[in-house]
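A.B. asks: Below is one structure. I have some questions about it.
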Amino acid sequence: MLSDDSPLLLRLKEGDRTAFDEIFNRYAGPILTYIRRRLSGAAEADDILQEVFLRLWKKRDSIIIQRSFRNYIYTTVQNCISDHLRAVRKEKCALVDEFQERATERPQPDEQYQHKQVYHIWKDATRKLPGQMRRIYVMKTEDQLTVKEIASQLQLSEQTVKNQLHTAGQRIVKILRQVQLFFL
């Protein structure tokens, strides 16, 4: 732990807002950079940063530092990122489930038109993905290949394929959300 972190942490535990502000000013920049790097510059990085410091403030009186405050705060960052990614996956599944439920219902003519429009927007969004990302996304969604099969065919690591699929999914969901608002 940095020698000048100890007095700050003691003041933070006592509820001193200026100590909290000083910790925020000291760590927010590097943490935000780290979050953006982990999430490929995701727009949600600011929200995750806010969540990190909100948790810090809420748990200030029970903070126990084992090694260093830096390790403690980055563990909190990792937990916030993991929680965010879990929430995104859950939301994607909910959107897919909702879409599948609606697909099994007998659509009205205006709904058929909307479905067609959304399908064309989805296809257009897929075409706008960068080359390799588009290829990976199509192999997964249309060819129904597994991550392992895609990685093998394209001679990429499985993690690279997963990252590309995640980013592609985020981009397409963002576009479809905008369309969903249009049709409401």
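A.B. asks: Mind putting a number on the dipole of region 120-184 about its Cα centre? Charges go on the C-beta only, +1 for Lys and Arg and -1 for Asp and Glu, and I need it in Debye to the nearest 20.
C.D. replies: 240
A.B. asks: Next question, about the same structure. Which lysines, if any, have their Cα less than 18 Å from the Cα of K148, not counting same-chain residues under 8 positions apart?
C.D. replies: Counting by Cα, and skipping residues close in sequence, K148 has these lysines nearby: K140, K162.
A.B. asks: Treating cross-link reach as a plain straight distance, find the lysines whose alpha-carbon is under 18 Å from the alpha-carbon of K58, omitting any fewer than eight places away in the same chain.
C.D. replies: Leaving aside lysines fewer than 8 places away in the same chain, those within reach of K58 are K13.
A.B. asks: Something else about it: Which of the lysines could a cross-linker span from K116 if the Cα-Cα distance has to be under 19 Å and same-chain partners fewer than 8 positions apart are dropped?
C.D. replies: Reachable lysines: K128, K174.
A.B. asks: Scan region 33-80 for trypsin sites (Lys or Arg not before Pro) in coil per DSSP, keeping those whose Cβ has at most 13 other Cβ atoms within 10 Å, and list them by number.
C.D. replies: Qualifying residues, ordered by number: K59, R67.
A.B. asks: What percent of all Cα-Cα pairs in region 5-85 falls into each 10 Å bin, going from 0 up to the bin containing the maximum distance?
C.D. replies: 18, 53, 25, 3
A.B. asks: For Cα pairs less than 8 Å apart in space and 6+ apart in sequence, what is the mean separation divided by the residue count of region 5-85, i.e. the relative contact order in percent? Provide the component values of the computation, followed by the final result.
C.D. replies: Values: 51 pairs, mean separation 26.5, N = 81.
It rounds to 33 percent for region 5-85.
A.B. asks: Placing unit charges on C-beta atoms (Lys and Arg positive, Asp and Glu negative, everything else neutral), compute the dipole magnitude of region 5-85 about its Cα centre in debye, rounded to 20. Walk me through the numbers on the way to the answer.
C.D. replies: On the way: 13 positive and 11 negative charges, 55 e Å.
For region 5-85, the charge dipole is close to 260 debye.
Rule-based calculations on the coordinates, nothing more; no lab input. As the structure is a prediction and not an experimental result, all values here were calculated from the model. FYI the Cβ positions are ideal-geometry reconstructions off the backbone, even for glycines, and counts take in every protein chain you see.
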